[in-house]
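Peer 1: One structure, as structure tokens, below. Some questions next.
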Amino acid sequence: MTETKKQSRPTTNYDFHTDGSAVDADHVGHQFDAMEPPAEISTNPLRGGLRLDRAPAPAVMVIFGVTGDLTARKLMPALYDLAVGYPLPEGFSIVGVSRREWDDETFRNEMRGAVEKGARTPVTDESWQLFAQGLFYVPGNFDEESTYTTLRERLDVVDQERRAHGNRLFYLATSPDFYGPIIQHLGAAKIAARQDIYWNRRDSWSRIVVEKPFGQDVESARALNAEIGAVFSERQIYRIDHYLGKETVQNVLAFRFANTLFEPVWNRQYVDHVQITVAEAIGVEGRGGYYEGSGALRDMVQSHILQLVSVIAMEPPALFNGNALRDEKVKVLRAVVPPTGEQVNQRTVRGRYEAGHVGGRPVPAYRDEQEVSPQSRTETFAAMELNIDNWRWAGVPFYLRTGKRLPRRVTEIAIEFKQVPHLMFQAIGNLDLTPNVITMRIQPDEGIALKFAAKVPGPDTQLRPVRMDFLYGQSFGEAGPDAYERLLLDAMLGDPTLFARRDEVETAWSVMQPILDGWQDLPVPIYPYEAGTWGPSKADSLMRRDSRQWRRP
Amino acid sequence: MASSVSTKPILASVWQTDTLDTGAIHDELNQLWSQLGGPLKGGDAPGEMVAEPNFGGGGLMRANTLNLIAVASDLRAVTLIQETIARLRDFLPSRTIILIPQDGTDHESGMIGPRYDVRVELMEQVTETDEPNLRFEVITIGADRRETGNLASLVTPLLAADLPDFLWWPGGGFADDPLFEDLLPIVDRLILDTAQLGRDVQSISAIRQILADESNAPVIGDFTWLRLEPWRQLIAQFFDPEDVQRSLHTVEQVTIHYAETREDGSAGLAAALLTAGWLASRLDWEAIDPLERQKRGGFWAPLRAKDGDRGREIELRLVPDTSPQARFSLRRVKIVAAGAAPGAFVVERTDSDDILTSSETPDNPEVSRMVYSRRPVSDEMIGQELQRFGADSTYEEAVRFAVGLIPS
């Protein structure tokens, strides 16, 4: 049977990088949707009509770097909520791997503290005891073979005792430096099996979740992808960007593609420009060492903001599934025209915060933060204008900005529309009309607002802009599950829709690369801005040049 | 953790009348809203007219979601509805109309009082977060029972336009109630609690009458079905692995333990019947004979799976839990499979917060776990029901099967 399938394998199964180099589509995952049913469809007749109509198979999740901050703050509380809130099946188990010389008992005790602090579901002795029965710990260095020998033996035992059926979800919660060694050892020790198109889905599965950063530039991203791809096929790789797990980001898709009202005006004919702001009030929060090697562009723009650009600008996918959605996102990214050469100076701004006040508290300058060089050349603020060269968006600038130590934490997308072609009220005079704006607030106060003109009551004609607000919290009550909860469940279900695909990551880096190069090669200054302000004034001139201005979010 | 929420009336108007003019109610509502309108402040752009920080005046927002009609057929229901509305946090109706059919005679004086008591309120929900406070309307109409026949015609013009209309009937006695009959055609969704139908197996067939008229039947939301959600999830989860799914084809016995009578007068029998109906309809079983009452209490019925030439018999047992501890509508569900794919699968509520599951098959060692599943209270359930709009065909199929088990 396998032979027959192999003979029918397409020979033109290739996709292309933006630089024209070919990518094996088996790595990319194209075409497979039409060839086999989605992984999440259940054959269990009792699943029909249930709120959770998808259920993951029993599995063991192996977390590398389990003693780190990410596990304590995000992963373990989310896993406890999933297990005790019953989307996860009986026997679901977690094996933590890290360098500390812990044993199972120590691991369980440490994790209880983390879960009590971060989980939504109450922790009782009884519920914890039953959850903790599935927690195991393997100490060891990530670059030593013996660690993986021990891990394999432990997994075999857990499979037997906890009926995990050999299903494994690997999670890299380590420094990116360890991604390569871990993946190589997983392959060499035959803990992870490559599952390509010929994989029988009745067999046990293994998948790997990779945290960002997915590289530092195009080259390193490709190298990382090649390294992961040597052991895992693209269908097994889940690159996590927690922004896509946010309900409000997914609601952008619902807003655009589940309503007839907005899509007809969602194009260059009606939209004047788009603004995306991802502002943080916090500084580097003790992660100065990491941030020094990253900066605002790599940390935020290449990942989160380009994700937002793609969901705002993409064409409607035919299906809401892994490859249909991601195909459209990649198409948009490929149409993005980044500034190159001298344009980098004109269409991008980078900044670095100086001492100031945020929320009434004095805060130090970036260069005075711990683990930050006093001569640092890392930007804490980035603003830029991107253009998308396609039929829908040609001529519509996308203005992006992100920064640390801005006045408040806010992420929003604003679609600003053109003025009406003819204003019949013009003769009345004294009209102060601003254009229609649709604002999608991703966080906080998640919701959607529409600004439009209305007549002020009275005998004379006075028009004023008013705002119509839809607040998630006021319409649907409490927020849904945490983004990690959603994404971990999706990874266990084998649903990659909300994860970044290889070509998506590499294309995003391709968009950013000319800017990175320009900032390195050209004399592009890093403009200082006072902490607690909306960035350097140079960012304002970026828009003023086009007779536009940043919104005050 | 959830932020704390409190809801209270902020403005109200009360009057009694023999002739109810719905226009007067609208006028009164408008008057109350205008009393709340604060000065508007500027928005982001020059001249922008936006209330601070959201429109509605003074950091307030008006709910704009749905109409809820709630009928209090007795004093207990009045309290339940009012307390539930005050505690609602997940999904607030724009306008709630509470109807209270009442005795119009003043018992002290023996005089016949006004035919209608009307109370119009603006409620405000305040959270500890910096989100704007949310305001919504509650219209309470106490009507002399002589006027019950007019109530539906009064309700229709009071419904806010372009919003879905929900009817919540928290009591059990809706069968043959003329007000229920009148309101049913004007709503999109009916919310009830079949547990309130009691332990009389016949009374549960009342739900069948509602579903009988398929073209006009409203979509039904049932608190009892909602309470069964975790049970159904956990039972289904046993059979997600494909090797365990084979046991679904060899089930020989289903035993459901339910509370005979709960403190509030409701019973677990409806939950037990719905669970049996759900399993049977999903697994394509049919009833050989209707339920047979057992001497020691409870019921027994033979079912048949339609697979194979002769089918396979399944024993259904509904066992009442009459112990003083019987606090939960369902106490325990046990599914036993035999033959080629044997196994035992148990879901059991251990207390008001937790459910214990355990399962065992020859290929899989016994595994137990505790899941957190706090019994939902009325405001949580109504909050969830108000967010659902579509029909639940799984529920309707379960009801049809369950009603088919009831002896004629």
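Peer 1: With respect to A:Arg235, is the statement that it is touching a helix residue (DSSP H, G or I) at 6+ places or on another chain (Cβ under 8 Å), under 23 Å from A:Thr174 (Cα atoms) and open to solvent by 20 Å² or more (accessible area, probe 1.4 Å) true?
Peer 2: Yes.
Peer 1: Another question, if that's okay. From B:Phe180, B:Phe166, B:Phe136, grab the single residue that is in a helix (DSSP H, G or I) and open to solvent by less than 10 Å² (accessible area, probe 1.4 Å).
Peer 2: B:Phe180
Peer 1: Would you confirm whether or not region B:254-264 contains a residue that is more than 28 Å from B:Ser205 (Cβ to Cβ), of a type in the set (Gly, Ala, Ser), at pLDDT below 95 and part of a strand (DSSP E or B)?
Peer 2: No, the conditions are met nowhere in region B:254-264.
Peer 1: Being in contact (Cβ under 8 Å) with a residue 24 or more places away in the chain and in a strand (DSSP E or B) is true for just one of A:Val231, A:Val209. Which residue is that?
Peer 2: One residue alone meets the criteria, A:Val209.
Peer 1: Please list, ordered by residue number, the strands (runs of 3 or more DSSP E) wholly in region A:348-439 having 1 or more residues that are under 27 Å from A:Leu333 (Cα atoms) and within 14 Å of chain B (Cβ to nearest Cβ).
Peer 2: Filter on region A:348-439 gives A:410-417.
Peer 1: Of the conditions (1) at pLDDT 90 or above; (2) more than 14 Å from chain A (Cβ to nearest Cβ), B:Glu181 fails just one. Which one is it?
Peer 2: (1)
Peer 1: Restricting the search to region A:103-131, which residues are of a type outside the set (A, V, I, L, M, F, W, C) and either on the phi > 0 side of the Ramachandran plot or within 14 Å of chain B (Cβ to nearest Cβ) (or both)?
Peer 2: Matches in region A:103-131: A:Glu116, A:Lys117, A:Gly118, A:Arg120, A:Thr121, A:Pro122, A:Thr124, A:Asp125, A:Glu126, A:Ser127, A:Gln129.
Peer 1: A further question on this structure: Considering A:Arg377, A:Arg326, A:Arg298, which residue is open to solvent by 40 Å² or more (accessible area, probe 1.4 Å) and within 16 Å of the chain's Cα centre (by Cα)?
Peer 2: None of the others qualify; the one that does is A:Arg298.
Peer 1: Sticking with this one: Out of the residues in region B:381-408 that are assigned to a helix (DSSP H, G or I) and under 13 Å from the mean Cα position of the chain (by Cα), state the one that is modelled with the highest pLDDT.
Peer 2: B:Tyr395
Peer 1: Which residues, taken from region A:141-174, are more than 14 Å from chain B (Cβ to nearest Cβ) and surrounded by fewer than 19 Cβ atoms within 10 Å (Cβ to Cβ)?
Peer 2: A:Asn141, A:Asp143, A:Glu144, A:Glu145, A:Ser146, A:Thr149, A:Thr150, A:Arg152, A:Glu153, A:Arg154, A:Asp156
Peer 1: Could I ask something else about it? If a residue must be of a type outside the set (A, V, I, L, M, F, W, C) and surrounded by fewer than 18 Cβ atoms within 10 Å (Cβ to Cβ), how many such residues does region A:218-232 contain?
Peer 2: 3
Peer 1: Let me ask another. If we only count helices (runs of 4 or more DSSP H) wholly inside region A:450-529, which ones have 1 or more residues that are away from chain B (no Cβ under 14 Å) and either under 17 Å from A:Met384 (Cα atoms) or not acidic (Asp, Glu) (or both)?
Peer 2: A:483-493, A:502-521
Peer 1: Then there's this: Within region A:193-217, how many residues are buried (at least 23 other Cβ atoms within 10 Å of the Cβ) and closer than 24 Å to A:Gly295 by Cβ?
Peer 2: 2
Peer 1: Quick one: would you say A:Arg100 is open to solvent by 30 Å² or more (accessible area, probe 1.4 Å), in contact with a helix residue (DSSP H, G or I) (Cβ under 8 Å, 6 or more places away or on another chain), away from chain B (no Cβ under 14 Å) and in contact (Cβ under 8 Å) with a residue 24 or more places away in the chain?
Peer 2: Judged against the criteria, A:Arg100 is not a match.
Peer 1: How many residues does region A:529-544 contain that are in contact (Cβ under 8 Å) with a residue 24 or more places away in the chain and open to solvent by 80 Å² or more (accessible area, probe 1.4 Å)?
Peer 2: Residues meeting the conditions: 1.
Peer 1: In addition: Taking only region B:351-368 into account, find how many residues are open to solvent by 30 Å² or more (accessible area, probe 1.4 Å) and either under 23 Å from the mean Cα position of the chain (by Cα) or away from every other protein chain (no Cβ under 14 Å) (or both).
Peer 2: Final tally of qualifying residues: 3.
Peer 1: For region A:240-265, give me each residue that is among the β-branched types (Val, Ile, Thr) and exposed (fewer than 14 other Cβ atoms within 10 Å of the Cβ).
Peer 2: Answer for region A:240-265, where residues must be among the β-branched types (Val, Ile, Thr) and exposed (fewer than 14 other Cβ atoms within 10 Å of the Cβ): just A:Thr260.
Peer 1: Have a look at B:Arg317, B:Arg331 and point out the one that is surrounded by 19 or more Cβ atoms within 10 Å (Cβ to Cβ) and either within 10 Å of another protein chain (Cβ to nearest Cβ) or closer than 22 Å to B:Ala267 by Cβ (or both).
Peer 2: Sole residue among the options that is surrounded by 19 or more Cβ atoms within 10 Å (Cβ to Cβ) and either within 10 Å of another protein chain (Cβ to nearest Cβ) or closer than 22 Å to B:Ala267 by Cβ (or both): B:Arg331.
The values are calculated or read from the model by the stated rules, or taken from the named source; none is laboratory data. The model shown is predicted, which means the values in this text are computed figures rather than measured ones. Positions of Cβ are backbone-derived with ideal geometry, glycine not excepted, and every protein chain shown enters the neighbour counts. Areas reflect the complete protein model, heavy atoms only, side chains present, ligands, DNA and RNA absent. Shrake-Rupley method; radii C 1.70, N 1.55, O 1.52, S 1.80 Å.
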